[in-house]
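Asker: Below is one structure. I have some questions about it.
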């Protein structure tokens, strides 16, 4: 530039006898103040957001900046290089590929579409339009990230009045980014099924009274014998839980107390063994299920007050989805005929809870 001014000075000096000093001074002033007005300005508020920063990943890039010059813009040239300096050679970042990129969204100065693209270059074009000083952003999808985690990369940006990114620049700028190996954090919620059974249990299965045996007394046709036990259950299984009651009805040798297969009221003077999981008044025994999880319920046939049933293998309580925690009280009744065969009538009822994971 200095040499160029020297040449101008020599040329002007050689014409000094034709131009007055005042004219020469005015010409130089106009030269100094008009040339910079046509110079390119640096784009402001530049940023780049990469949705997936893993090396080689197919990702979305959102490029944002604010146009500075009022000169109408018809195209934006985006060059992906390892070096951000505009006049240095543009070496494509290893692994990067924007040849299949698509412009999926644009905000601010809009109306652009991709007119040219190669492995490391995208040209956006539109009808040459006057500018409004506002921030703009452009989202590109289907870009393959660079693969070198040790080398940053840049996007060199230039705006042009032409629609093919040729001719004089209007504005320019660059952004810089780098891919990294992801820090992967994984965890899991383990499958959980909490279940306890005893004569009495704590709501959260934190303890029981450790009693698993009940002597219900002497059978006679004038009295209904009763007993009760408790169980608590909770699970994070998406399909909830199911509790089955397993074991034969009371028997003494080959003599078996009948168990109704349908919910039936207590009947004095008949052979009958049954259970339910609700509070009863005839006879007075049991409690309704306890706990805030309304989706954990007694099975329909075992949830009718003052009616009893027992079928080995039946589901007596369940939930259709996650339920933490619910306590059930099981009521037992025994009625007998006057002519019931003498003996010690016993049974073992085993409750099994299954989580539906």
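Asker: Just grab the label-to-label distance for residue 182 and residue 339, each label 7 Å out from Cα along the Cβ direction, in nm (one decimal).
Answerer: 7.9 nm
Asker: While we're looking at this one, here's another question. Report the FRET efficiency, 1/(1 + (r/R0)^6), for residue 132 and residue 57, where r is their Cβ-Cβ distance and R0 is 45 Å, rounded to 0.05.
Answerer: Approximately 0.80, to the nearest 0.05.
Asker: Using the Kirkwood formula on the Cα atoms of the chain, what hydrodynamic radius do you get, in angstrom to one decimal?
Answerer: Answer for the chain: a Kirkwood hydrodynamic radius of 28.4 Å.
Asker: Can you order the peptides 96-104, 238-246 by their average number of other Cβ atoms within 10 Å per residue, highest first?
Answerer: The peptides rank, most packed first, as 238-246, 96-104.
Asker: Using alpha-carbon pairs under 8 Å, 6+ residues apart, how would you state the relative contact order of the chain in percent? Don't skip to the end; give the middle numbers.
Answerer: Numbers: 889 pairs, mean separation 54.6, N = 357.
Rounded, it is 15 percent for the chain.
Asker: Once R0 is set to 22 Å, what does the formula 1/(1 + (r/R0)^6) return for the Cβ-Cβ distance between residue 212 and residue 287, expressed as a FRET efficiency to the nearest 0.05?
Answerer: 0.70
Asker: Over the range 41-177, what relative contact order in percent results from Cα pairs under 8 Å that are six or more residues apart?
Answerer: Once divided by the residue count of the range 41-177, the mean separation gives 36 percent.
Asker: Just from the alpha-carbon atoms, what are the Rg and Dmax of the range 193-355 in angstroms?
Answerer: 15.7, 51
Asker: Continuing with this model, one more query. As I understand it, the value is the acute angle between the Cα axis of helix 2-14 and the longest principal axis of the Cα atoms of the chain; what does it come to in degrees, rounded to 10?
Answerer: Taking Cα atoms only, the helix is inclined about 30 degrees.
Asker: Using only Cα atoms and rounding to the nearest 10 degrees, what angle (0 to 90) does helix 21-34 make with the longest principal axis of the chain?
Answerer: Orientation of helix 21-34: about 20 degrees from the principal axis.
Asker: Can you work out the PRE-style zone for residue 295? Point 7 Å along Cα to Cβ, and I want the residues of the range 307-337 with backbone N under 19 Å.
Answerer: Under cut-off, by backbone N: 316-328.
Asker: A further question follows. Express in whole angstrom the spacing between the alpha-carbon centres of the range 59-93 and the range 280-357.
Answerer: 74 Å
Asker: For residue 193 and residue 99, compute 0.36 nm times the residue count separating them, minus their Cα-Cα distance, and round to one decimal in nm. Working shown, then result.
Answerer: Numbers: separation 94, 0.36 × 94 = 33.84 nm, distance 5.29 nm.
Extending this stretch completely gives an extra 28.5 nm.
Asker: By how many nm would the segment from residue 256 to residue 45 lengthen if fully extended, with 0.36 nm per residue of separation less the alpha-carbon distance?
Answerer: 67.2 nm
Asker: I would also like to ask the following. What order do you get for 301, 339 when you list them from fewest to most C-beta neighbours inside 10 Å?
Answerer: Placing the least packed residue first, the sequence is 339, 301.
Asker: Would you calculate, for the chain, the mean residue ellipticity at 222 nm contributed by helices, counting each DSSP H stretch of 4 or more residues as -39,500 (n - 2.57) and dividing by all residues, to the nearest 500?
Answerer: The per-residue figure over the chain is -2500 deg cm²/dmol.
Asker: Ok, one more. Multiplying the sequence separation of residue 152 and residue 168 by 0.36 nm and subtracting their Cα-Cα distance, what value in nm do you get?
Answerer: Full-extension gain reported as 2.9 nm.
Asker: Beta carbons within 10 angstrom, averaged per residue: use that to sort the peptides 272-285, 138-151, highest first.
Answerer: Those peptides, ordered most packed to least, come out 272-285, 138-151.
Asker: Right, next: Give the dimensionless ratio obtained when the Cα radius of gyration of the range 41-177 is divided by 2.2 N^0.38 Å.
Answerer: Against the compact-globule rule of thumb, the ratio is 0.97.
Every read-out reported here was derived from the displayed coordinates using simple, explicitly stated rules and does not represent laboratory data. Predicted, not measured: the structure shown is a model, and the values here were computed from it. Every residue, glycine among them, receives a Cβ derived from its backbone with ideal geometry; neighbour counts consider all protein chains shown.
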